[in-house]
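Worksheet: the structure to be examined is printed underneath.
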Amino acid sequence: MAKPARKVIITCAVTGSVHTPTMSPYLPVTPDEIAAEAIAAAEAGASILHLHARDPNDGRPTADPGVFMQFLPRIKQSTDAVINISTGGSSLMTLDDRLAASLQAQPEMCSLNMGSMNFGLYPMLDRPREWKHEWEPKLLEATRSTVFKNSFADIEDILVRLGQGCGTRFEFECYDVGHLYTLAHFRDRNLVQAPLFIQFVLGILGGIGADADNLSHMKRIADKLFGDDYRFSVLAAGRAQMPLITMAATMGGNVRVGLEDSLFDGRDLARSNADQVRRIRAILESLSLDIATPTEAREMLALKGGDRVAF
Ligand code: KMH
Ligand code: ZN
């Protein structure tokens, strides 16, 4: 069985690379906006901040370490939250691009995507819109034919260079049951160590669908493979976010919110990342569940500490 979450870790994924600026005026784009949204999310109760960068001029996803360095130190100075940098970037970036900022910053945590897959964003083209930027529909259309590449060699490369090289630990992004078996393979080769932090990613086109049965199944298989050696968290794309993360918390898991995964708060657009943090926090507290502080999250996940990063 997964270790039950004594305290629930709220991760907030502040901007990501799935949504585009036309889809919500509240999506943070510039380093100032990303820093402000991340700090507010931490003040609202997020103990982990999962971060991507965007080109300040037009909001397209970027892997440029120079852009990351415009917001990472500011977030670190203003909050105690754990900083978790994406190594997924966007499916159009090379692995070297995706790793550049993390290798420079050596954060406490990074995401690690556990398999190559289709990652279909193109259905978001179905809704007619006036696009603010030409790149937005092009990027969505490109996902019809591109593959989000995370080969065994890529995963091993990240484990060695970031994990062993920088003391970074991982949010293992598992989009389907097979990804859990891939993680078990790396555990069997002693390339990953407990406590594992597994993010069940539900509702990406190309991965497992966002429903209660699938969440139970992911947990059942993870229990079988990892026993007490893991903690899980759940993210669900779009409007499935709040219902499924609430279910995760009742199953002993942790939760991830943020505009990276869903632009909504109830029926309306979320006006900020912090609004989603406050929403799940109120739900958790109404269920008599306690929220983990950053110090508690560090202890639960055996992180190296915020004073051992390179930014
Ligand atoms: N946006 C999530 C579905 C990463 O950054 O490495 C996946 C994600 C991947 O967060
Ligand atoms: Zn991400």
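The values are calculated or read from the model by the stated rules, or taken from the named source; none is laboratory data. Small disclaimer: the values here were computed from a predicted structure and weren't measured. Virtual Cβ from ideal backbone geometry, glycine too; neighbours counted across all protein chains shown. For accessibility, only protein heavy atoms count, side chains too; no ligands or nucleic acids. Shrake-Rupley method; radii C 1.70, N 1.55, O 1.52, S 1.80 Å.
Odds and ends about this structure:
- Accessible area per residue in Å² at 1.4 Å probe, computed on the chain: 39
- J(HN,Hα) series, the stretch 169-178, from Karplus relation 6.51 cos²θ - 1.76 cosθ + 1.60, nearest Hz, glycine and proline x: 10, 10, 9, 7, 8, 10, 9, 6, 5, x
- Size of electric dipole in the chain: Cβ of Lys, Arg +1 and of Asp, Glu -1, about Cα centre, debye, nearest 20: 440
- Karplus-derived 3J(HN,Hα) values for the stretch 97-104, using 6.51 cos²θ - 1.76 cosθ + 1.60 with θ = phi - 60°, are 4, 5, 8, 4, 5, 5, 5, 6 Hz; glycine and proline are entered as x.
- Classified by the C-alpha gyration tensor, the stretch 1-146 has a prolate form. Its axis ratio a/c, with a ≥ b ≥ c, is 1.5 or above, and a/b is larger than b/c.
- Dipole of the chain, positive direction: furthest Cα of 59, 280, 125, with charges on the beta-carbon: 280
- Using θ = phi - 60° and Karplus 6.51 cos²θ - 1.76 cosθ + 1.60, couplings along the stretch 139-152 (whole Hz; Gly, Pro as x): 5, 5, 5, 4, 6, 5, 10, 8, 10, 7, 8, 9, 6, 4
- For the chain, with +1 on Lys and Arg beta carbons and -1 on Asp and Glu, the positive-most of 140, 151, 27 along the dipole: 151
- Other residues with beta-carbon under 11 Å from the beta-carbon of residue 56 carry, at +1 per Lys or Arg and -1 per Asp or Glu, a net charge of -3.
- The overall shape of the chain, judged from the alpha-carbon gyration tensor, is rounded, with an a/c ratio under 1.5.
- Additional length obtainable on full extension of the chain from residue 96 to residue 118, 0.36 nm per residue less Cα span: 5.9 nm
- Rounded Å value of the spacing that divides the Cα centres of the stretch 207-267 and the stretch 28-67: 23
- Cα→Cβ-extended label distance, 7 Å offset, between residue 131 and residue 64, nm: 2.1
- Dipole magnitude of the stretch 1-57 about its Cα centre (Cβ charges: Lys, Arg +1; Asp, Glu -1), debye to nearest 20: 480
- Model label points for residue 161 and residue 271, set 7 angstrom from Cα along the Cα-to-Cβ axis, are 4.2 nm apart.
- Within the stretch 163-271, percent of DSSP bridges classed antiparallel, to nearest 5: 10
- In the chain, a dipole from Cβ-located charges (positive for Lys and Arg, negative for Asp and Glu) runs towards its positive end, and of 162, 251, 234 it is 251 whose Cα lies farthest in that direction.
- Expressed as a whole percent, the accessible area of the chain that falls on carbon and sulfur atoms is 49 (1.4 Å probe).
- Other-chain or far-sequence residues with amide H under 5 Å of residue 233's (modelled H): 198, 199, 200, 254
- Total formal charge among the other residues, if their Cβ is under 10 angstrom from that of residue 112, Lys/Arg +1 and Asp/Glu -1: -2
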